[in-house]
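What follows is one structure encoded as structure tokens, with my remarks underneath.
The values are calculated or read from the model by the stated rules, or taken from the named source; none is laboratory data. This one's a predicted model, so the numbers in the text were calculated from it and none came from an experiment. Here the Cβ positions follow ideal geometry from the backbone for every residue, glycine too, while neighbour counts run over all protein chains shown. The area values use the complete protein model at the heavy-atom level, side chains included, leaving out ligands, DNA and RNA. Shrake-Rupley method; radii C 1.70, N 1.55, O 1.52, S 1.80 Å.
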Amino acid sequence: MIEPLLPKVERRVRHPGRKRHPDRLVFQGILFVLHTGIAWEHLPQELGFGSGMTCWRRLAEWTKASVWPRLHEALLARLRGADALDFSRTAVDGSRIRALKGDRRRDEALLTGAGRAANIT
């Protein structure tokens, strides 16, 4: 499900460099770091996910390619299709809504001081 969303990276012919670590393992490494909260550089090499820097770079690459919003949409579509979403426990976060600037409210307290303090820097 995730593989078609990932950007295809062609290997250079003239100077191919080191072979890319498999996307599936790097994806698992990213999930491991995000789930456990460990630092990228502390990702254990023994797990086979690649280095923490590889996972971090691939996360940045996939973020730039808008993989995460498309993955979110695909997962929601699959859950909706299976009728597996329970909207009875849904919450809306208003912190994402842009606050519009406007006139001062009438109930705001006015400043009672003589004026602004002098700048001493």
remark   = Exactly one of Glu61, Glu41 is exposed (fewer than 11 other Cβ atoms within 10 Å of the Cβ), acidic (Asp, Glu) and not in a loop (DSSP other than H, G, I, E, B), and that one is Glu41
task = Kindly provide the set of residues from segment 71-81 that are within 12 Å of the chain's Cα centre (by Cα) and surrounded by 11 or more Cβ atoms within 10 Å (Cβ to Cβ), ordered by number.
result = Leu71
request  = Name the residue, out of Val67, Val33, Val26, that is in contact with a Pro (Cβ under 9 Å, 6 or more places away or on another chain) and under 29 Å from Leu85 (Cα atoms).
outcome  = Val67
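Results for (1) within 16 Å of Pro4 (Cα to Cα); (2) hydrophobic (A, V, I, L, M, F, W, C); (3) touching a Gly at 6+ places or on another chain (Cβ under 7 Å), shown as yes or no for each residue.
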| position | (1), (2), (3) |
| --- | --- |
| Pro22 | yes, no, no |
| Phe27 | yes, yes, no |
| Ile38 | no, yes, no |
| Phe49 | no, yes, yes |
| Ala60 | no, yes, no |
| His72 | yes, no, no |
message = Looking only at segment 8-35, filter to residues that are open to solvent by 70 Å² or more (accessible area, probe 1.4 Å) and outside any loop (DSSP other than H, G, I, E, B); which one of those is farthest from Ser66 (Cα to Cα)?
response = His35
message = Tell me the residue from Trp56, Trp68 that is hydrophobic (A, V, I, L, M, F, W, C), under 17 Å from Ile2 (Cβ atoms) and in a helix (DSSP H, G or I), please.
response = Trp68
